[in-house]
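The structure appears below as structure tokens.
The values are calculated or read from the model by the stated rules, or taken from the named source; none is laboratory data. Just so we're clear, the structure is a prediction, and the values are computed from it rather than from any experiment. Cβ sites come from the backbone with ideal geometry, for glycine too, and all protein chains shown count toward neighbours. Remember, those area values only see protein heavy atoms, side chains included, never the ligands or the DNA or RNA. Shrake-Rupley method; radii C 1.70, N 1.55, O 1.52, S 1.80 Å.
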Amino acid sequence: MIKVLLVDDQGLIRQGLRALLELEPDLEIVGEAENGEQAINLVAEIQPDVVLLDIRMPIMDGVAATKEIQKRFPKTKILVLTTFDDDEYVSAALQNGAMGYLLKDTPSEELAVAIRAVYKGYTQLGPGIVKKLLTQFSNGTPIHSTPVPSTLTELTPREKEVLRLIATGASNREIAQELYISEGTVKNHVTNILNTLNLRDRTQAAIWANTYLSYLN
């Protein structure tokens with residue numbers, strides 16, 4: 001059973017999320033909070049597996065809460081809830097340890113899938129956010145002026161294909177469908193890529209891939 005903490009300043013949204021997620025047999029809603037401070041206190045008290053966290057809240061927003069939760073409870077996974085105009089907030093949350101983000105109008109089936117993926121350690125990247133992250137991490141350095149790392153030559157042609165798709169924010173299932181391979185094979189490739197390039201997770205892999213995209217073709 002995956003223990004989920006819901007954090008949103010709007011009670012109706014929390015009620016809606018609870019109603020949808022309680023239909024999933026492997027998800028258990030163990031608590032609710034309406035701001036970041038309450039979320040931190042509840043994480044300490046009930047130790048949820050995944051925190052579904054609104055990015056904009058009074059008293060303490062999702063970015064500050066993410067940073068503190070990851071500092072004090074690094075095993076807790078955080079999945080950010082956002083709207084289309086929150087990209088900079090999302091970027092900050094991801095840089096502070098969030099495992100990914102979802103739009104608030106995401107269908108319940110996709111929301112449940114994302115929670116399970118984050119619980120297993122997979123990053124959930126959405127469209128548009130990778131380029132914003134890339135700009136922030138590169139500090140404006142032109143991509144073409146970045147030296148090619150020697151580790152690039154250690155990737156197999158298939159791993160480069162997988163890495164190119166990670167750069168677009170594709171999930172393991174989408175990569176498997178695109179390359180006509182199994183999800184298990186994709187997971188193995190992703191693990192090898194992270195180990196070879198000494199990267200922490202898919203977010204870093206996506207940023208890395210966008211930086212050196214021209215060399216992956």
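Which of the following residues is open to solvent by less than 30 Å² (accessible area, probe 1.4 Å), modelled with pLDDT under 80 and among the polar types (S, T, N, Q): Thr135, Thr141, Thr123?
Thr123
Can you tell me which residues in segment 171-198 are of a type in the set (A, V, I, L, M, F, W, C) and surrounded by fewer than 19 Cβ atoms within 10 Å (Cβ to Cβ)? Quick ask: steps written out before the conclusion?
Going through segment 171-198, the residues of a type in the set (A, V, I, L, M, F, W, C) turn out to be 175-176, 179, 181, 186, 190, 193-194, 197.
Scanning segment 171-198 gives Leu179, Ile181, Leu194.
Tally the residues that are of a type in the set (A, V, I, L, M) and open to solvent by less than 20 Å² (accessible area, probe 1.4 Å), restricting the search to segment 30-44.
Total satisfying the criteria: 4.
Looking only at segment 2-25, count every residue that is open to solvent by 40 Å² or more (accessible area, probe 1.4 Å) and modelled with pLDDT of 95 or more and tell me the total.
1
Which one is nearest to Asn96 (Cα to Cα), of the residues in segment 49-73 that are in contact with a helix residue (DSSP H, G or I) (Cβ under 9 Å, 6 or more places away or on another chain) and basic (Lys, Arg)?
For segment 49-73, the residue satisfying everything is Lys67.
In segment 56-71, how many residues are of a type in the set (Asp, Glu) and either assigned to a helix (DSSP H, G or I) or surrounded by fewer than 19 Cβ atoms within 10 Å (Cβ to Cβ) (or both)?
Looking only at that region, the number is 1.
Quick one: would you say Leu155 is under 15 Å from Ala209 (Cα atoms), at pLDDT 85 or above and open to solvent by less than 90 Å² (accessible area, probe 1.4 Å)?
Numbers: under 15 Å from Ala209 (Cα atoms): yes; at pLDDT 85 or above: yes; open to solvent by less than 90 Å² (accessible area, probe 1.4 Å): yes.
When the stated conditions are applied, Leu155 passes them.
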